[in-house]
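Trainee: Have a look at this one.
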Amino acid sequence: MLTKNNKKGCLVTFVFIAVFIAAIVFTLHRINKSGETIQDWRDKNLKDIHFKGKVLDSKEITIEGRHYGIVCIGLDYSNKDSCYLYEPGISFLKIKNGKALMLMGSNLLDNRVDYIEVNINNSGK
């Protein structure tokens, strides 16, 4: 039989677990919404831009605890002569003088990507 102290301990443990699970669910929901916002912005602003070229230089940076790479690309082809898109915390792209500067996931930098093709034939990739 549970004593009064054991009942309180079980109740405290249950409340702690419930708060912990609620925090995890809230965090996952926030991450998912952030991803949707980023994808919506990219779909709206980047769908008509096509370019490809060789990676000239890259630098890894940290934004809000996540690692990204800023990449400079010498363009072989672009359907825009110049372009500047920037949304804080989401993404940016600058095309000018046959070069592009863009933000990309650091996992691509880890794989030592040396040539990039963006949205060729409206692929969305």
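The values are calculated or read from the model by the stated rules, or taken from the named source; none is laboratory data. Everything numeric here is computed off the predicted structure, so don't read it as measured data. All Cβ positions, glycine included, derive from the backbone under ideal geometry; neighbour counts span all protein chains shown.
Trainee: Of all the residues that make up the range 55-92, how many are outside any strand (DSSP E or B) and either under 13 Å from Ile116 (Cβ atoms) or without any contact (Cβ under 8 Å) to a residue 24 or more places away in the chain (or both)?
Mentor: 4
Trainee: Now for a separate question. Which one is modelled with the lowest pLDDT, of the residues in the range 47-71 that are closer than 18 Å to Cys83 by Cβ and loosely packed, with under 12 Cβ neighbours inside 10 Å?
Mentor: Selected residue: Lys47.
Trainee: Of all residues being assigned to a helix (DSSP H, G or I) and modelled with pLDDT under 70 in the range 108-125, which is nearest to the chain's Cα centre (by Cα)? Just the residue, please.
Mentor: This residue is Leu108.
Trainee: State yes or no: is Thr27 at pLDDT 75 or above, loosely packed, with under 10 Cβ neighbours inside 10 Å and farther than 25 Å from Asn121 by Cβ?
Mentor: No: the conditions fail for Thr27.
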